[in-house]
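A short write-up of the structure that comes next.
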Amino acid sequence: MIKLKEIVHAHYPVITPNSSIREVIDKLDIYQFFALPILDEKKHPIGVVGEEEMIFWGKDFAYRKEFGETLLKDYQWKDILLLSSDLDIDHSLEKMIKEDERIAVVMDDNVMLGIVFKIDLLQALMIP
């Protein structure tokens, strides 16, 4: 069975509560991710933010430039799903479906290894 540590995205952009909305959108665009984990000063995952949240937050701004300058810490973001690096693909997919999550942080002994998306798990299911 394939384990999460075999398919994890180990290289991902770092965003923090002090990241601006513009910075987050730029990183999502450059990396072609739809969501990213939010990390604290010790690089521990504390939440997740994605396109959908930012669309919801930004729709009330009359001036889009002002929205881009606001910081993540000014908003309420979602909790992030943490999965063990030794978890197999089937169980990981079950957890992501149960929690209705499309992104999860892969952890190994309380150390963040990277991120995984539901589509990564679907791709891994097809590996013979």
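The values are calculated or read from the model by the stated rules, or taken from the named source; none is laboratory data. Quantities reported herein were computed from a predicted structural model and do not represent experimental measurements. Here the Cβ is made from the backbone with ideal geometry for all residues, glycine too, and neighbour counts use every protein chain on show.
What to note about this one:
- Long-range neighbours under 8 Å by Cβ, at least six apart or interchain, first residue over 14 Å from LEU36 (Cα atoms) within the range 110-128, second part of a helix (DSSP H, G or I) and among the β-branched types (Val, Ile, Thr): LEU121/ILE89; ALA124/ILE89; LEU125/ILE89
- When GLY47, GLY68 are screened for being in contact with a Lys or Arg (Cβ under 9 Å, 6 or more places away or on another chain) and either within 24 Å of GLU6 (Cα to Cα) or aliphatic (A, V, I, L, M) (or both), only GLY47 passes.
- For the criterion of being touching an Asp or Glu at 6+ places or on another chain (Cβ under 9 Å), more than 16 Å from LEU4 (Cα to Cα) and surrounded by fewer than 17 Cβ atoms within 10 Å (Cβ to Cβ), PHE61 fails.
- Taking the criterion of being polar (S, T, N, Q), free of Cβ contacts under 8 Å to residues at least 40 places away in the same chain and under 21 Å from GLU69 (Cβ atoms), no residue of the range 1-53 qualifies.
- Checking GLY58, GLY68 one by one, the residue that is within 15 Å of ILE15 (Cβ to Cβ) and not charged (D, E, K, R) is GLY68 and no other.
- For the range 98-119, the criterion of being within 18 Å of LYS5 (Cα to Cα), of a type in the set (Asp, Glu), within 17 Å of the chain's Cα centre (by Cα) and at pLDDT 90 or above is met by at least one residue.
- Qualifying positions in the range 23-55 - part of a helix (DSSP H, G or I) and closer than 11 Å to LYS78 by Cβ: GLU52, GLU53
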